[in-house]
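What follows draws every value from the coordinates through simple rules; no lab data is involved. On a predicted model such as this, the values are computed, not experimentally measured, just so you know.
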Amino acid sequence: MLVTDLNDELALLDPRTSRMYTLNAVGRAIWKALSAGGAREEQLVHVVTQEFDVAASQAQTDLGTLLNDLLGEGLVRRRP
């Protein structure tokens, strides 16, 4: 995975498929936390609520959507 940090968003290039993805500021924060390793869903919600003016319930919903999208594209994997 090739990752380019554009400060307020992130560009991802999957070399297997040559597909490019962009993540907004919230997606960028989540990706960075995932990349740091070991982040659980609760920790990711905390990251979002600390960095952005959003309720935990909305952060949870948005996080679920993003993670499902990333899983569907094969960009992340679930840990056992």
**Asked** On full extension of the chain, what length is gained from ALA36 through ARG78, given 0.36 nm per residue of separation minus the C-alpha to C-alpha distance?
**Response** 13.6 nm
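Using Cα pairs under 8 angstrom and six or more residues apart, how large is the relative contact order of the chain, in percent?
Over the chain, the number comes to 18 percent.
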**Complete:** Taking the chain, the equivalent ellipsoid from its C-alpha gyration tensor has semi-axes in Å, biggest first, of 21, 15, 11
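If each DSSP helix of 4+ residues adds -39,500 (n - 2.57) and the sum is divided by the residues in the chain, what number results at 222 nm, nearest 500 deg cm²/dmol? Don't skip to the end; give the middle numbers.
Numbers: 3 runs with 40 residues, N = 80.
For the chain, the value works out to -16000 deg cm²/dmol.
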